[in-house]
Amino acid sequence: MTHFYYAACTLGLEDVLADEIHALGGRRIENRRGAVAFTGDRWLGYMACLWLRSAVRVQEELARGQIDGREGLYELTRTVDWSQSITHLQTLAVDGSIKDSFANDTRFPVLVVKDAVCDQFRERVNKRPDVDKERPDLRIKLVLQGDEAILYRELGGEPLHKRGYREIQHKSPLNEATAAGLLLRSGWDKRTPLCDPMCGSATFLIEAAWMAMDRAPGLGRAFAFERWRDTDVAAWRRLYDDAEARAEAGKANLPPLCGNDRHPGALSIAEQAVAKAGLTGRIALHHGDAADYVPPFAPGFVVTNPPYGDRLSPDEDALVGSWQSLGRFLHTQCKGAVAWVLCGNPELTRHLGLRTNQKHPVHNGPIECRWLRYEIDGAR
Ligand SMILES: C[S@@+](CC[C@H](N)C(=O)[O-])C[C@H]1O[C@@H](n2cnc3c(N)ncnc32)[C@H](O)[C@@H]1O
């Protein structure tokens, strides 16, 4: 049976996500704004949660129809057999988004969907599931666009970028799925020694290590679909075991990885995250200013997310100083390397003293950024 899926990602990384979905065997792949729609079998949904590095959410479509208001939405919701997903002893939550529809905001339509689901349970077993907005067993997503309504169930539960290795947040961390998507976009070959001279909590380095060792980003965490009644548990176990075996075998393939940051707090978060990600001893971390950083090996590839103001907001001079330091590092330590730099403020890039030869627009949270490629002295 064909299932219809919808995976969300960071704005600007749709092509990267579409490539990942294609590689997993997805069909009828269509890019949307900040998302990719695709079809496949039920096992593809499990694989998507386990393997997609650049996705933040995967949803499965359960119903779609034209509606004229409350009644239509109630009836559409009742066309789904909700007992296939959960029992009355489990929990649910309904979220919604709305554009030009019968209601002014999502509050009322979301309530209609919740009532329709609970009424179906009450009629059958005289009991209804409770609502748990934080960690429901079943999160239903309602999308209202004009007179069309779509109902999805969210496979992952917790967003997919929450890999589980970062318990404490650095001030301005890069979302794990964004970092992975940027690495995929950069075309890094997973073998060239890689460095992040302003690594913060080491997101790029951990995602790079997991990519290089073929470790699925979803290993070691739980997904909502594991708690559903219609999940093929045996097949899921096989997919999971296979991913574990690949990660174990892939440990031999880790290239040299190193990072540096001048903020001791960030480095201690990085060290904890590296340990939690199972990478102790596999990423060389260093404390100091990037301008003086001498990596333990010659980096052939640099990826980094320097400060550009909006969230860390140091003063202008400090920002300029950071970019000058990065420029100095690239010029002195990275001859022949390719560097990719994320920038949310075009005024700052000139302080690198380098000319970019590729620019990709991408969002970092609310900030519109560019992912910039540089070739340092003689790089190809
Ligand atoms: C936007 S954050 C990077 C976040 C990182 N990508 C993450 O996921 O956690 C920028 C980092 O650059 C570091 N930094 C700024 N100027 C620096 C310099 N001159 N030398 C070394 N690190 C610097 C800051 O301490 C901060 O951790």
How many residues are polar (S, T, N, Q) and surrounded by fewer than 21 Cβ atoms within 10 Å (Cβ to Cβ) if we restrict to the range 2-19?
-> 1
Enumeration of residues in the range 190-214 that are more than 11 Å from the ligand (Cβ to nearest atom) and of a type in the set (A, V, I, L, M) = 194, 208, 209, 211, 212, 213
Picking from 258, 343, the residue that is surrounded by fewer than 21 Cβ atoms within 10 Å (Cβ to Cβ) and either closer than 20 Å to residue 180 by Cβ or at pLDDT below 95 (or both) would be 258
Going through the range 346-372 in order, the residues found to be closer than 22 Å to residue 188 by Cβ and buried (at least 18 other Cβ atoms within 10 Å of the Cβ) are 349, 352, 354, 360, 362, 364, 369, 370, 371, 372
Can you find a residue in the range 276-284 that is outside the structural domain of residue 11 (by TED's automatic domain parsing), in contact (Cβ under 8 Å) with a residue 60 or more places away in the chain and among the basic types (Lys, Arg)?
-> yes
Which one of 216, 209 is under 15 Å from the mean Cα position of the chain (by Cα), modelled with pLDDT of 95 or more and either crowded, with 17+ Cβ neighbours inside 10 Å or not in a loop (DSSP other than H, G, I, E, B) (or both)?
-> 216
So which residues in the range 332-352 are more than 15 Å from the ligand (Cβ to nearest atom) and either more than 30 Å from residue 9 (Cβ to Cβ) or over 29 Å from the mean Cα position of the chain (by Cα) (or both), if there are any at all?
-> 335, 336, 350
Tell me, yes or no, whether the range 180-189 has at least one residue that is within 15 Å of the ligand (Cβ to nearest atom), assigned to a helix (DSSP H, G or I), of a type in the set (Gly, Ala, Ser) and out of contact with any helix residue (DSSP H, G or I) (no Cβ under 9 Å at 6 or more places or on another chain).
-> yes
Which condition breaks for residue 298 when tested against (1) surrounded by 16 or more Cβ atoms within 10 Å (Cβ to Cβ); (2) farther than 22 Å from residue 346 by Cα?
-> (1)
Can you spot a residue in the range 112-131 that is within 23 Å of residue 226 (Cα to Cα) and in contact (Cβ under 8 Å) with a residue 60 or more places away in the chain?
-> no
In this structure, is residue 329 under 23 Å from residue 374 (Cβ atoms), away from the ligand (no atom under 12 Å from the Cβ) and in contact (Cβ under 8 Å) with a residue 60 or more places away in the chain?
-> no
What are the pairs, 6+ residues apart or on separate chains, where a residue within the range 12-38 that is part of a helix (DSSP H, G or I) has its Cβ under 7 Å from a residue that is among the hydroxyl-bearing types (Ser, Thr, Tyr)?
-> 16/54; 17/54; 20/54
When the range 324-340 is checked residue by residue, the ones that are under 18 Å from residue 189 (Cα atoms) and surrounded by 14 or more Cβ atoms within 10 Å (Cβ to Cβ) are 334, 337, 338, 339, 340
Selected residue (criterion: farthest from residue 332 (Cα to Cα)) from residues of the range 153-179 that are of a type in the set (A, V, I, L, M) and within 16 Å of the ligand (Cβ to nearest atom) | 168
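The values are calculated or read from the model by the stated rules, or taken from the named source; none is laboratory data. On a predicted model such as this, the values are computed, not experimentally measured, just so you know. Note that each Cβ is placed from the backbone with ideal geometry, even for glycine, and that neighbours are counted across all protein chains shown.
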